[in-house]
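The block underneath contains the structure these notes are about, expressed in structure tokens.
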Amino acid sequence: MTEDIDKYIAQMKKKDGVSTAEIQKAESDLGIKLPKQYVNFLLQTNGAIGTIGKSYLELWPLEDIKTRNSAYKVNEYAPHLILFGSDGGDMAYAFDRRSSSLPIVETPFIGLGLEEIDLRGQTFFEFLEYMFTK
């Protein structure tokens, strides 16, 4: 990870990173090529939870992403999204597959759909910066 990302997640509880093979399997299972900044994050820490600035953030472990997307019926309600985390409450964070750059959006768990999304970063770094400063 870059020093910049480290400063944003310094207070969060982190897990050991995953292997490139695990990332490739998850990408195949999800039908997505994950953004490079997010992949670099996963190589260093497989998920993180806790305070980021004045906010709270849960970045799910890679192995939970497919299961949670299935449990929340994302393919049914918001088929272009891949959820990867939450605010620990009623909001989820997702990669928006309608754009090849996979911007990160916020969406409510209740009323999950493409009508209620808000852009939270064009990149994983921008997303962390947003969470840190909101």
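The values are calculated or read from the model by the stated rules, or taken from the named source; none is laboratory data. Predicted, not measured: the structure shown is a model, and the values here were computed from it. Using ideal geometry, Cβ is built from the backbone for each residue, glycine included, and neighbour counts are taken over all protein chains shown. Accessible surface areas use protein heavy atoms only, side chains included; no ligands, DNA or RNA. Shrake-Rupley method; radii C 1.70, N 1.55, O 1.52, S 1.80 Å.
Things to note:
- Among the trypsin sites (Lys or Arg not before Pro) in segment 29-74, those placed in a DSSP loop whose Cβ has at most 16 other Cβ atoms within 10 Å are Lys33, Lys54, Lys73.
- Of all accessible heavy-atom area on the chain, the percent that carbon and sulfur account for (1.4 Å): 49 percent
- Residue-count net charge about Ser99 - beta-carbon cut-off 15 Å; Lys, Arg +1, Asp, Glu -1: +1
- Of Ala26, Tyr72, Ile82, farthest towards positive along the dipole that unit charges on Lys, Arg, Asp, Glu beta carbons give the chain: Ala26
- Per residue, the accessible area of segment 1-49 comes to 59 Å² when a 1.4 Å probe rolls over the protein heavy atoms.
- Helical mean residue ellipticity (222 nm; -39500 (n - 2.57) per DSSP H run of 4+; nearest 500) of the chain: -10500 deg cm²/dmol
- Charge dipole of segment 1-99 (Cα centre as origin; +1 on each Lys and Arg Cβ, -1 on each Asp and Glu Cβ, all else neutral): 100 debye, rounded to the nearest 20.
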